[in-house]
Amino acid sequence: MKVGFIGVGNMGGPMCRNIVRNSNHEVVVFDLDAAAVKACTDLGASMGASVADVAAACDVVITSLPMPKTVEAVALGEDGIAAHAKPGTVYIDLSTNSPAVAKRVAAGMAARGIQMLEAPVSGGVPRAVDGSIVIMVGGEEALCEAQRPLFSSFSGEVVHVGEVGMGSVAKLINNMLAFCNMSAAAEALMMGAKSGIDLRKLDQVISNASGNSAGYRSIAAKAFAGNFKPAFALDLAHKDLRLALELADELGVPGMIAPQVMSLMRMARGMGMGGDDTASVIRVYEKALGQEVRSG
Ligand code: NAD
């Protein structure tokens, strides 16, 4: 089978390379960033000339793109996938999207005889690299089952969560929780730094105690090392939280915690950290208090 992969950045790149490594599929990639493409072609993928070129040539087309509007343009635009893929092509979007845009894209694809699965992922770059990433799939269950071998070539857990839209719902709820955990961890770690406690000892306690979470572990590791190079850019996390807050509003669920995290993200972006890693939220505390949370 010929698999197209459009958007081979921090997440798409390693997932694409795992398909190349772990399956017999011919993989064709396209990205606006030549270095990102090269990291995949070096491993055996071939390079597509454009979105339209990849769409026309492939049986399955996958995207992993930054914003809902990017996904919509690449999927439904004049030079996009729907306009150029053959009827019968399967389209899989791994991006974090809004449920409404996912549904709109699926409808546009269906009008051209293309079936779609929305399949956002969770686990960050490390789990995209080691192939254990979790995929939450919205779309027809039989189609999800048919694509399970392809999913298995780059993920450890595939959960069919319902119709198109429900993948995004699961993803946005998960990320809202992760960002709340991470922001609480930023506050906790700053308390640790101010108290004078040995941060490694505090970390040993939290990692084995009830305060532990994936968000805590991620921000502690990055803060201790002072490494805010973007594995998950704050701008993308801000997009996810904005979409989650919109969903909460649609559902009538009162936000007590997530809106505060949104304010923290706005401060970090306002301080110029949007392109840095999401863990940069801790630097808002650092700058406000004039103290860093570092540990060797
Ligand atoms: P990224 O910015 O590293 O990668 C996106 C890639 O898409 C880039 O290489 C960019 O050049 C390319 N691109 C943008 N517009 C394009 C276009 N029109 N045509 C072709 N290529 C285009 O972002 P990422 O961190 O890999 O995130 C991708 C998606 O996965 C986002 O929706 C994000 O929210 C989601 N996500 C990210 C993480 C994470 O930890 N980074 C985790 C889970 C989900």
Of the residues in the stretch 249-261 that are in a helix (DSSP H, G or I) and in contact (Cβ under 8 Å) with a residue 24 or more places away in the chain, the one that is farthest from ASN175 (Cα to Cα) is GLN260
Inside the stretch 80-97, the number of residues satisfying the requirement of being open to solvent by less than 20 Å² (accessible area, probe 1.4 Å), away from the ligand (no atom under 11 Å from the Cβ) and more than 18 Å from MET1 (Cα to Cα) is 1
What is the residue count in the stretch 204-251 for residues that are touching a Phe, Trp or Tyr at 6+ places or on another chain (Cβ under 7 Å) and β-branched (Val, Ile, Thr)? 1
Provide a single number: the residues in the stretch 20-79 that are away from the ligand (no atom under 13 Å from the Cβ) and open to solvent by 20 Å² or more (accessible area, probe 1.4 Å). 15
Take the conditions hydrophobic (A, V, I, L, M, F, W, C), buried (at least 21 other Cβ atoms within 10 Å of the Cβ) and within 16 Å of the ligand (Cβ to nearest atom) and apply them to LEU177. Does it pass? no
I need a count of the residues in the stretch 229-249 that are out of contact with any Pro (no Cβ under 9 Å at 6 or more places or on another chain) and open to solvent by 20 Å² or more (accessible area, probe 1.4 Å). 7
Pairs, first at pLDDT 95 or above in the stretch 267-291, second surrounded by 21 or more Cβ atoms within 10 Å (Cβ to Cβ) and not in a helix (DSSP H, G or I), C-beta under 7 Å, six or more apart: SER280/MET273; ILE282/VAL293; ARG283/MET273; GLU286/VAL293
Residues of the stretch 197-220 satisfying the condition of being open to solvent by less than 60 Å² (accessible area, probe 1.4 Å) and free of Cβ contacts under 8 Å to residues at least 60 places away in the same chain: LEU202, ILE206, SER207, ALA209, GLY211, ASN212, SER213, GLY215, TYR216, ALA220
Which residue, of GLY12, GLY4, is under 14 Å from SER95 (Cβ atoms) and either more than 12 Å from the ligand (Cβ to nearest atom) or in contact with a strand residue (DSSP E or B) (Cβ under 9 Å, 6 or more places away or on another chain) (or both)? GLY12
Enumerate the helices (runs of 4 or more DSSP H) found wholly within the stretch 115-206, keeping only those where 3 or more residues are at pLDDT 95 or above and in the same structural domain as LEU264 (by TED's automatic domain parsing). 166-195
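The values are calculated or read from the model by the stated rules, or taken from the named source; none is laboratory data. Computed from a predicted model, the values in this text were never measured in an experiment. Neighbour counts run over all protein chains shown; Cβ positions are idealised from the backbone, glycine included. Surface areas here come from the heavy atoms of the whole protein model, side chains and all, with no ligands, DNA or RNA. Shrake-Rupley method; radii C 1.70, N 1.55, O 1.52, S 1.80 Å.
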